[in-house]
Amino acid sequence: MPTQMEKVICVTCPKGCTLEVTREAETILKVEKAGCNRGTRYAQQELTDPRRMVATSVRIRGGLHPLLPVHTSAPFPKPRIRELLEALRRVEVQAPVELNQVILPDALGTGIDIRASRSMAPVHSAD
Ligand code: SF4
């Protein structure tokens, strides 16, 4: 199996080191140009199991606004983000909602919850 070298930008801190990663298939042989040890861990994660925090919104009934901003409780597997967004399009919650309330537990069986990014009070009808 030939070795490959690729560049990966570490986004763990604002320094944004350009890491030079040498790997053979899924095995990382060395990580160079990292400003600290976290760069090595980041490269390993990014090349074998890339994840991202996801922020989006879901529909809310009886709230001050029609949409409630939500976010993942931890970085979510990147290849499944589209599937997650499709699942969240089908979600509708009922006001009131508290900040950080779990809106969708264990999203797609990943163990990662979807939580409210803000609270939202109900709107009381005039009658
Ligand atoms: S390798 Fe270390 S110093 Fe460089 S961006 Fe990543 S966390 Fe920051």
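All of the numbers you see were taken from the coordinates with simple rules; none came from a lab. On a predicted model such as this, the values are computed, not experimentally measured, just so you know. Heads up, the Cβs are rebuilt from the backbone with ideal geometry, glycines too, and the neighbour counts pull from every protein chain shown.
Take residues that are within 25 Å of residue 9 (Cβ to Cβ) and within 16 Å of the ligand (Cβ to nearest atom) and tell me which of the strands (runs of 3 or more DSSP E) falling wholly in segment 27-115 contain 1 or more.
Working: elements: 27-32, 55-61, 67-72, 92-94, 102-104.
The strands (runs of 3 or more DSSP E) meeting that bar are 27-32.
Listed here are the residues, each with its yes/no results for (1) touching a helix residue (DSSP H, G or I) at 6+ places or on another chain (Cβ under 6 Å); (2) surrounded by 11 or more Cβ atoms within 10 Å (Cβ to Cβ); (3) aliphatic (A, V, I, L, M); (4) touching a residue at least 60 places away in the same chain (Cβ under 8 Å).
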| position | (1), (2), (3), (4) |
| --- | --- |
| 3 | no, yes, no, no |
| 7 | no, no, no, no |
| 13 | no, yes, no, no |
| 31 | yes, yes, yes, no |
| 47 | no, yes, yes, no |
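Being assigned to a strand (DSSP E or B) and either more than 10 Å from the ligand (Cβ to nearest atom) or among the hydroxyl-bearing types (Ser, Thr, Tyr) (or both) is the filter here, so list the residues in segment 9-26 that pass it. Quick ask: steps written out before the conclusion?
If we filter segment 9-26 for residues that are assigned to a strand (DSSP E or B), which is where we start, we get 9, 18-24.
Matches in segment 9-26: 18, 20, 21, 22, 23, 24.
When you go through 23, 52 one by one, which is the residue that is exposed (fewer than 13 other Cβ atoms within 10 Å of the Cβ) and either of a type in the set (D, E, K, R) or in contact with a strand residue (DSSP E or B) (Cβ under 6 Å, 6 or more places away or on another chain) (or both)?
52
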